[in-house]
Structures are given as structure tokens and as C-alpha cells.
Amino acid sequence: MVNRWITFDLDGTIMQNPFIDYVFPEIRNAICEENRNLTNCVESFVAEHRNRLNQRQYVEAYDWEEIITSYTQLHELNLLINVEEIVKKNCVPGAIYLLEEGILEVLQELKLRGYSLAIITNGYSKFQMPVMNALGLTPYFDRIITPDMIGYAKPDEGVFMELGEVVAHIGDRIDHDIIPANTWGAKAIWINRSLPEQLKSIKLELRTRHEMLRDIILAKLSRESQVNLRAIPREAIPYSVIYKLEELLDIFL
């Protein structure tokens with residue numbers, strides 16, 4: 001039997017990880033205890049991350065352990081920071097959470113309808129698995145694909161090569177989810193929980209035709225690419241737009 005895969009992005013699509021509000025602040029505090037002049041260390045981590053993305057070093061861009069170690073070595077800090085352990089320590093309610101109620105029920109229903117589910121995330125396995133386990137997500141997925149496992153990271157469409165027939169990919173970013181899914185030939189489904197009420201109120205099949213949505217996509221892609229775009233590339237247009245994962249049940253009947 002051939003698997004029919006529905007793949008999901010993780011951060012910003014299904015769950016909130018602890019990096020921004022908990023992990024990075026803890027690392028910053030540890031660094032500042034060694035050198036009070038390094039208050040902008042997190043900004044430096046993010047700048048290096050973006051630099052690697054710009055150089056298309058997609059896998060290396062998400063190796064936060066290596067980025068932070070390189071920073072501490074550059075500034076000659078006598079400090080060993082274990083990012084994985086800090087993530088695990090912060091896998092507690094409030095620091096991590098599912099982005100909407102009923103997500104687990106939606107995933108279970110999709111499996112009952114005959115689909116195989118996979119995560120395709122740019123976060124490394126050692127950072128993502130503790131969060132997924134704590135939130136009870138792991139049992140719902142047949143595959144969990146991370147850059148350190150396969151040597152690819154989004155937006156490289158090579159992330160889909162590990163699977164057979166990819167029916168659809170769901171994600172919150174245009175550049176890292178919609179474009180590579182369209183390029184691969186899967187149905188690209190964009191989840192936007194800030195969708196205006198005017199678009200929420202119309203039928204799913206009509207949303208992508210609405211002029212307002214085109215403006216929203218253009219603005220989102222411009223922010224993601226840090227370029228003031230004047231037109232939307234064809235591959236940036238999603239197959240469908242949803243504002244909650246429950247709407248997937250209206251697509252995959």
C-alpha cells in the first residue's frame with residue numbers, strides 16, 4: 001500500500017517552542033555574567049543565522065549549538081552552553097504549547113481517513129523532539145524529518161525526497177513552506193491565524209482568488225525575504241489558505 005503523506009511544518013504551524021522567550025534569554029544571561037559588554041549576543045546569533053540562510057547554508061543556519069559555541073569561542077568566554085539541555089529544561093507548560101485547541105484530534109482524524117502524517121521542520125531533532133514529546137505530538141506522526149537527519153532544510157525541496165507521494169504540505173511561511181511545496185508538486189496549504197474576518201467568512205475554495213489575500217501574501221513574503229517585492233511569484237500562491245488546522249478536515253474528506 002502506497003502512503004499518502006500529509007506533511008506539516010512545526011514551529012508557527014502546530015506548536016510554540018521555548019527559544020525566543022526562554023532559551024535565548026537564559027543563554028544571554030549566562031554570557032553577560034561572563035562579559036557584561038555582550039548584551040547583544042542574541043542579535044548576533046540571529047544575524048549569523050540569517051547570513052547562513054542568505055548563503056543558502058540552510059542546514060547550518062539552524063545549528064544553534066554550533067552558532068552559539070562559535071560566538072563564545074570568538075569572544076574567548078570560558079563558558080560551555082548546552083542548548084539541548086536548556087531546551088529540555090524549558091519544556092514546561094507556558095513555555096511551550098500547541099497553537100490551538102483540538103490539534104491532536106485533527107491529526108487523529110486525518111490518520112483515520114487514511115493519510116500518513118509527517119513533520120518537516122528546520123529545527124534539529126535534539127531541539128524539537130523534547131518539545132514534541134512534552135506536548136504529546138510524537139505518536140501522531142509516522143515520520144519526523146529534520147535537517148540533521150537528512151542533510152536538507154527548507155526551502156530546499158529536497159526535504160520531501162524521503163517520502164513517497166506527498167499529497168500536501170501545511171506551513172505558516174511562504175518562503176519556507178508554500179514555495180518549496182509548490183515546487184515539489186504537493187498541495188501547498190498556508191495557515192494564517194491572523195487572516196482577516198472578511199476572508200475567514202468566505203468558502204475555502206474562494207480565498208486564494210480574493211485580491212485581499214494577494215496583498216497579504218505579498219506583504220508576508222516581502223517580510224520573510226527582506227525584499228520589497230512588487231509581484232508575487234507563481235509558486236508563492238498556495239493551493240488553499242486556512243486560519244485553523246480544523247479546516248483541513250474540509251479539504252481532506
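The values are calculated or read from the model by the stated rules, or taken from the named source; none is laboratory data. Computed from a prediction, not measured in an experiment: that's the story for all the values here. As a convention, Cβ positions derive from the backbone with ideal geometry for all residues, glycine included, and neighbour counts pool all protein chains shown. The protein model used for the area step is the full one, side chains on, heavy atoms only, and it has no ligands, DNA or RNA in it. Shrake-Rupley method; radii C 1.70, N 1.55, O 1.52, S 1.80 Å.
Listed values, structure above:
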| item | result |
| --- | --- |
| Residue-count net charge about ASP148 - beta-carbon cut-off 15 Å; Lys, Arg +1, Asp, Glu -1 | -3 |
| Antiparallel %, DSSP beta bridges [both residues in the chain], to 5 | 10 percent |
| In range of the label at SER125: residues from the stretch 144-162 whose backbone nitrogen is under 19 Å from the point 7 Å along Cα→Cβ | 144-154, 158-162 |
| Nitroxide proxy distance, nm - points 7 Å out along Cα→Cβ at GLU100 and HIS210 | 1.4 nm |
| Mean projected area in nm² (Cα convex hull; one quarter of hull surface) for the stretch 167-253 | 5.3 nm² |
| Net charge of Cβ neighbours under 9 Å - reference LEU249; Lys, Arg +1; Asp, Glu -1 | -3 |
| Hull volume in cubic angstrom per residue (convex hull over the Cα atoms of the chain) | 135 Å³ |
| Accessible area per residue, Å², the stretch 69-207 with all protein chains present, probe 1.4 Å | 45 Å² |
| Integer Hz, Karplus 6.51/-1.76/1.60 couplings in order for the stretch 105-118, x for Gly and Pro | 5, 5, 4, 5, 5, 4, 5, 5, 7, x, 8, 8, 10, 9 |
| Sum of -39500 (n - 2.57) over DSSP H runs of 4+, divided by residues of the chain (222 nm, nearest 500) | -11000 deg cm²/dmol |
| Between the stretch 1-55 and the stretch 178-249, the alpha-carbon center distance in angstrom | 24 Å |
| Under 18 Å from the Cα of LYS200 - lysines, other chains or at least 8 residues apart | LYS220, LYS244 |
| GNM result for the chain, Cα springs below 10 Å: residue of ASN228, ASN182, ASN122 fluctuating most strongly | ASN228 |
| Convex hull volume of the stretch 14-148 per residue (C-alpha atoms, cubic angstrom) | 112 Å³ |
| Amide H partners (placed H, <5 Å) of ARG4, local residues excluded | SER116 |
| ³J(HN,Hα) computed for each position of the stretch 163-173 - Karplus, 6.51 cos²θ - 1.76 cosθ + 1.60, integer Hz, glycine/proline x | 10, x, 7, 8, 5, 7, 10, 10, x, 9, 10 |
| Pairwise label distance in nanometres, ASP148 with GLU84, each label 7 Å out on the Cα-Cβ vector | 0.5 nm |
| Rounded percent of accessible protein surface that carbon and sulfur make up, the stretch 115-196, 1.4 Å probe | 46 percent |
| Surface/4 of the Cα convex hull for the stretch 37-112, nm² | 7.9 nm² |
